[in-house]
Amino acid sequence: MTRVLKIGGSILTDKSRELTARPEEITRVAKEIASHPDDVVLVHGAGSFGHFPAKKYDLPHEFNRAGLRVTHNCVARLCEKVVEALSLAGVECLPVHPLSCLLLRDGRIDSFFMEPIKEMLKNGIMPVLHGDVAMDAAGKAAIVSGDHLIAYLGKALQAEVVAVGSNVDGVLFSGRPLSRITRKEFSVVQSAIGGSASADVTGGMRGKLLELLDLADLGIDSVIFNAGIEGNIARALKGECVGTRIGRAN
Ligand code: IPE
């Protein structure tokens, strides 16, 4: 049973301060993942390690070679911290940098060499991916968000659990999390669903939902939940709906 889990950059970093990790949260998240580590592909957000440099170099709107290098190096540094925390928690894992194994076309994943990820899973190693910069066959370069990666991986691996942890309790409507949302409800509530409160170049909650609604159209449900609440990650990995379920309209 393959499970794909995203932990948002808002949990692992202080998104309002450039290159600021939250080491205690990284450790806590790693421990929760370590309680259910089998067949998990982890994707983490870039947080202040990605959105700040991307904004500074005006990515993805401008093509900037130095900006790509700096932004990638920053998110790779955060990935290193996550991998280290996971290994300290007893999880064998390896970093997989999207920049080096996928190609975008018009901002969407066009090809993705996933064999190493599949082999890692077969051999008891957790692949750790992250939001990254990536080359784009149509537009030179762009950003691939963790949410886009999660939707792609969920489909490609036919995942049984797709869980996206952010710093809110799910998809909020009038301040309360919806228990379930489909494309039908989305068209009604979308004006109330915002982007992100901090520097964010990849679309916040709205961007997340659009990716996951595409996945739901293919028959794969997912959950958006609050990964800042202790215990939720472990429950989400067990397949519990700890936030808002994104499903297909009947
Ligand atoms: C963004 O990744 C990637 C870059 C800015 C390079 P995400 O969109 O997955 O990151 P978070 O979860 O919003 O921090």
Mind checking which pairs have a first residue in region 153-167 that is over 21 Å from G47 (Cβ atoms) and a second that is assigned to a loop (DSSP other than H, G, I, E, B) and open to solvent by less than 20 Å² (accessible area, probe 1.4 Å), Cβ under 9 Å, 6 or more apart or different chains?
-> G154/I220; K155/I220; A156/M114; L157/M114; Q158/I220; A159/I220; E160/I220
Among (1) modelled with pLDDT of 95 or more; (2) in contact with a Ser or Thr (Cβ under 9 Å, 6 or more places away or on another chain); (3) closer than 15 Å to I11 by Cβ, where does E230 come up short?
-> (2)
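Being under 16 Å from P37 (Cβ atoms) and within 14 Å of the ligand (Cβ to nearest atom) is the filter; apply it to region 120-138 and report the residue that is farthest from the chain's Cα centre (by Cα). I'd like the intermediate steps shown before the answer.
Going through region 120-138, the residues under 16 Å from P37 (Cβ atoms) turn out to be 120-129.
From what's left, within 14 Å of the ligand (Cβ to nearest atom): 128-129.
Values: V128: 11, L129: 8 Å.
Per the criteria, the residue is V128.
If I go through region 92-116 residue by residue, how many of them are assigned to a strand (DSSP E or B) and β-branched (V, I, T)?
Taking region 92-116 and keeping what is assigned to a strand (DSSP E or B), we get 93-95, 102-105, 108-112.
Restricting the remaining residues to those that are β-branched (V, I, T) gives 109.
Residues flagged as assigned to a strand (DSSP E or B) and β-branched (V, I, T) within region 92-116 amount to 1.
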Mind checking whether some residue in region 27-36 is assigned to a strand (DSSP E or B) and over 16 Å from L88 (Cβ atoms)?
-> no
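Residues in region 38-84 that are of a type in the set (A, V, I, L, M, F, W, C), closer than 30 Å to M1 by Cβ and out of contact with any Cys (no Cβ under 6 Å at 6 or more places or on another chain): how many? Step through it out loud before you land on a result.
Initial filter on region 38-84 (of a type in the set (A, V, I, L, M, F, W, C)): 40-43, 46, 49, 52, 54, 59, 63, 66, 68, 70, 74-76, 78-79, 82-83.
Filter once more, so that each one left must be closer than 30 Å to M1 by Cβ: 40-43, 46, 75-76, 78-79, 82-83.
This time we only want the ones that are out of contact with any Cys (no Cβ under 6 Å at 6 or more places or on another chain), so: 40-43, 46, 75-76, 78-79, 82.
Residues that pass the stated criteria total 10.
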Report, by residue number, each residue of region 2-52 that is at positive phi and either surrounded by fewer than 24 Cβ atoms within 10 Å (Cβ to Cβ) or free of Cβ contacts under 8 Å to residues at least 24 places away in the same chain (or both).
-> L19, D39
When (1) surrounded by fewer than 19 Cβ atoms within 10 Å (Cβ to Cβ); (2) modelled with pLDDT of 95 or more; (3) in a loop (DSSP other than H, G, I, E, B) are applied to E62, the one that fails is (2)
Residues being closer than 22 Å to V162 by Cα, under 17 Å from the mean Cα position of the chain (by Cα) and surrounded by fewer than 22 Cβ atoms within 10 Å (Cβ to Cβ): count how many of those fall in region 81-93.
-> 1
Of the residues in region 139-161, those that are at pLDDT 95 or above and more than 15 Å from the ligand (Cβ to nearest atom) number 7
Given (1) modelled with pLDDT of 95 or more; (2) more than 18 Å from N226 (Cβ to Cβ), index of the condition H44 fails | (2)
Taking L78 as the residue in question, decide whether it is outside any helix (DSSP H, G or I), near the ligand (Cβ under 10 Å from one of its atoms) and open to solvent by less than 30 Å² (accessible area, probe 1.4 Å).
-> no
Please indicate, with yes or no, whether at least one residue in region 110-127 is open to solvent by 70 Å² or more (accessible area, probe 1.4 Å) and under 18 Å from D214 (Cβ atoms).
-> yes
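I'd like to verify a number: residues in region 86-124 that are acidic (D, E) and more than 18 Å from K155 (Cα to Cα), how many?
Count: 2.
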Collect the residues in region 50-72 that are more than 8 Å from the ligand (Cβ to nearest atom) and within 27 Å of V162 (Cβ to Cβ), keeping them in residue-number order.
-> P60
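The values are calculated or read from the model by the stated rules, or taken from the named source; none is laboratory data. Here the structure is a predicted model, which means the values were calculated and not measured. Because the Cβ atoms are built from the backbone with ideal geometry, glycine has one as well, and the counts that use them run over all protein chains shown. Ligands, DNA and RNA are excluded from the accessible area calculation, which covers all protein heavy atoms including side chains. Shrake-Rupley method; radii C 1.70, N 1.55, O 1.52, S 1.80 Å.
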